[in-house]
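Only one structure is covered here, and it is reproduced in the block below.
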Amino acid sequence: MNELPTAARQNITSGTIWEDLMGYSRAVRLGNWVAVAGTTATDEHGQVVGPGDPYQQTIYAIRKIERALNQAGAALDDVIRTRVFIVNQPDWEAVTRAHGEIFNAIRPANTLVVVKALIGDEYLVEVEVDALIRDSQ
């Protein structure tokens, strides 16, 4: 039987109480792969950034994702997949504009889904990503 090579696992935390309470990490790196959990526009004090503004919430969430990627040794250029969840279908234009401003040159695979609700009424968008760090050659 062939065994897959093992890689060290690195859990990245942002220090929120929710990570310990729910038992998750902001991001996980395993080998060259980094998965970043669903991310909302919540600041370090637990406050929503950009209430009522889907564009601002998307930008903030992606920048928060970028910080987690950097902690894992990755960058936005390494993102190969994004998943975006919105609660109001008409917000898709503002959300995709924000996504496009950051990822236009990178062009990851993307899914945009309208959902019934997110964890709090003030959240309009949640973003998660997968990244693959390329070996330096």
Legend entry - Condition check for VAL48: of a type in the set (A, V, I, L, M) and more than 13 Å from the chain's Cα centre (by Cα): yes
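Taking the conditions exactly as written (acidic (Asp, Glu), in contact (Cβ under 8 Å) with a residue 24 or more places away in the chain and within 21 Å of ALA27 (Cβ to Cβ)), does GLU126 satisfy them or not?
Numbers: acidic (Asp, Glu): yes; in contact (Cβ under 8 Å) with a residue 24 or more places away in the chain: yes; within 21 Å of ALA27 (Cβ to Cβ): yes.
Judged against the criteria, GLU126 is a match.
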Legend entry - Residues (crowded, with 16+ Cβ neighbours inside 10 Å and part of a helix (DSSP H, G or I)) located in the stretch 72-91: LEU76, ASP78, ASP91
Legend entry - First in the stretch 17-40 and farther than 17 Å from GLU66 by Cβ, second anywhere and modelled with pLDDT of 95 or more and in a loop (DSSP other than H, G, I, E, B), Cβ under 6 Å, 6 or more apart: ASN32/ILE133
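Determine which member of the set GLU101, GLU128, GLU44 is at pLDDT below 95 and either in contact with a helix residue (DSSP H, G or I) (Cβ under 8 Å, 6 or more places away or on another chain) or not in a helix (DSSP H, G or I) (or both).
GLU44
The values are calculated or read from the model by the stated rules, or taken from the named source; none is laboratory data. Since this is a predicted model, take the numbers as computed values, not measurements. In this analysis, Cβ positions are derived from the backbone assuming ideal geometry, glycine residues included, and neighbour counts consider all displayed protein chains.
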